[in-house]
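Novice: Below you'll find the structure I mean.
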Amino acid sequence: MTKNEFLAELKRYLSALPLEDVQASLDYYREMIDDRIEEGISEEEAVGAIGSAKDIAAQVMEEIPITKLVKAKIKPKRTLRAWEVIFLFLGSPIWVTLLLAAVIVVFSVYISLWACVISLYAADLCFFACALAGIIGFFAAGNIGAGLFLLGAGVLLAGLGILGFFGCKAITIAMYRLSKLILKRNKKLFYK
């Protein structure tokens, strides 16, 4: 593949981006290919060493902030006609309310999932607090039997707290990865 073919294909894949971002990416890869050609590599080898235009475009799209993608996607391609504006205005009490309700429901589910994670950490903290109380109760108990019982319960709760911490940590990592995946999938909606 020649440099011009590669750049044309890359431009086609990046067409959803604002024009200045497309041009910046094209200039960057044009310069990269030119540098490799100056080093003595043939044009086809230089293009092949960079990778496929589709993979490069996907990488560029991931690095672009989602706000910029949304602005580029919702920019009107043409002006709205008078009847379209009237229908949008008259229908706004319905469609704005439904859109807002959908956004609130999705956000509430997301917040609820993180609230569950925080609740698990709170429960784990309670295990540690009860373990500390059991160990302190060992020294404060007047009876040796009751003191040993409190010490055993404290050690057991400390062990459960340690196991719970590792479970909470794993759930937090999973939620973080899920959040990142959801954001990535939603971002792809704006550049397909």
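The values are calculated or read from the model by the stated rules, or taken from the named source; none is laboratory data. Bear in mind the structure is a predicted one, so any value in this text is a computation, not a measurement. A quick note on method: Cβ atoms are made from the backbone with ideal geometry, for glycine too, and the neighbour counts reach across all protein chains shown.
Novice: Tell me yes or no: at least one residue of the range 98-110 is over 30 Å from residue 65 (Cα atoms) and of a type outside the set (A, V, I, L, M). Lay out the reasoning, then the answer.
Specialist: Restricting attention to the range 98-110, the residues satisfying the condition of being over 30 Å from residue 65 (Cα atoms) are none.
Among the residues of the range 98-110, not one is over 30 Å from residue 65 (Cα atoms) and of a type outside the set (A, V, I, L, M), which makes the answer no.
Novice: Next question, about the same structure. Looking at 9, 39, 43, which is the one that is exposed (fewer than 12 other Cβ atoms within 10 Å of the Cβ) and acidic (Asp, Glu)? Step through it out loud before you land on a result.
Specialist: Details: 9 fails: exposed (fewer than 12 other Cβ atoms within 10 Å of the Cβ); 43 fails: exposed (fewer than 12 other Cβ atoms within 10 Å of the Cβ).
After applying the criteria, what remains is 39.
Novice: Out of curiosity, is residue 187 under 18 Å from the mean Cα position of the chain (by Cα), surrounded by 13 or more Cβ atoms within 10 Å (Cβ to Cβ), in a helix (DSSP H, G or I) and of a type in the set (Lys, Arg)?
Specialist: Details: under 18 Å from the mean Cα position of the chain (by Cα): yes; surrounded by 13 or more Cβ atoms within 10 Å (Cβ to Cβ): yes; in a helix (DSSP H, G or I): yes; of a type in the set (Lys, Arg): yes.
Here the answer is yes, as residue 187 does meet what is asked.
Novice: Let me ask you something else. What pairs come out if I take residues in the range 101-130 that are closer than 30 Å to residue 159 by Cβ and pair them with residues that are of a type in the set (Phe, Trp, Tyr) whose C-beta lies under 7 Å away, six or more apart or interchain?
Specialist: Taking only residues 6 or more apart or on different chains, the pairs are 124/165.
Novice: Check 91, 137, 147 and return the single one that is touching a Leu at 6+ places or on another chain (Cβ under 7 Å), of a type outside the set (Val, Ile, Thr), outside the structural domain of residue 9 (by TED's automatic domain parsing) and free of Cβ contacts under 8 Å to residues at least 40 places away in the same chain.
Specialist: 137
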